[in-house]
Amino acid sequence: LRDLNLKHTKIKKGSRELKIMLQSYEDVYVLTKAKLDEIDSSDREQYLEIKDELAVLRLKQGNLCDRANEYTKTIKCYLKSLEIRKDMKDHKNMGNMLNLMGIAHAKRKHYRRAMKCFNDALKLRKAVLPEDHLDI
């Protein structure tokens, strides 16, 4: 499911296909989250690996909602991914998530919220990336 290529699949807002795909991602999310309870709490590397999988699943759910023009759901999914990235202290990907949230807000014509996300993303990127990096 993580490698599902949906690039050429048409997805309609509120469609049965969208609901099935979102539920599939949710099912994988629940199974992946259950892995956290099974690992040794001292294994930080495995913990971060699973948290990364969870963040990516929420990102992909958000991308799917975005393709169906369901921007409120998109933002909710991206926010959940951002919260996981915060827990991981993954500042680079936090910036990426804020940028995607800004795009979703702009699509909803919520320009002030979009600008806040873009500015927060830029601050994070400046803090973790070299000054001459292309993402700044």
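The values are calculated or read from the model by the stated rules, or taken from the named source; none is laboratory data. Here the structure is a predicted model, which means the values were calculated and not measured. Backbone-built Cβ (ideal geometry, glycine too); neighbour counts: all protein chains shown. The accessibility values were calculated without ligands, DNA or RNA, using every heavy atom of the protein model including side chains. Shrake-Rupley method; radii C 1.70, N 1.55, O 1.52, S 1.80 Å.
Oblate is the label for the stretch 81-136. Its Cα gyration tensor axes, ordered a ≥ b ≥ c, give a/c of at least 1.5 and b/c at or above a/b.
For the chain, the 222 nm mean residue ellipticity estimated from helices alone, with every DSSP H stretch of n ≥ 4 adding -39500 (n - 2.57) and the total spread over all residues, rounds to -25500 deg cm²/dmol. Let a ≥ b ≥ c be the square roots of the eigenvalues of the Cα gyration tensor of the stretch 36-136; is it rounded (a/c under 1.5), or, if not, prolate (a/b larger than b/c) or oblate? Judged from the Cα gyration tensor, the stretch 36-136 comes out oblate (a/c at least 1.5, b/c at or above a/b).
With a probe of 1.4 Å, find how much accessible area the stretch 55-98 has per residue, and write the answer as a whole number in Å². Before the final figure, lay out the partial values.
Working: 1860 Å² over 44 residues.
With the other protein chains kept in place, the stretch 55-98 gives 42 Å² per residue.
Multiplying the residue separation of Asn63 and His110 by 0.36 nm and removing their Cα-Cα distance gives an extension gain of 15.1 nm.
Pairs from the table (Lys35/Lys92; Lys19/Lys51; Lys33/Lys73; Lys12/Lys92) lying more than 29 angstrom apart at Cα are Lys12/Lys92.
List the trypsin sites (Lys or Arg not before Pro) in the stretch 56-136 that DSSP assigns to loop (not H, G, I, E or B) and whose Cβ has at most 16 other Cβ atoms within 10 Å. Which are they?
Working: sites: Arg58, Lys60, Arg67, Lys73, Lys76, Lys80, Arg85, Lys86, Lys89, Lys92, Lys107, Arg108, Lys109, Arg112, Arg113, Lys116, Lys123, Arg125, Lys126; in loops: Lys89, Arg108, Lys109.
Those that pass, being in a loop and sparsely packed, are Lys89, Arg108, Lys109.
Note on Lys107: aspartates and glutamates with a C-alpha under 16 Å away, same-chain residues under 8 apart excluded, are Asp66, Glu70.
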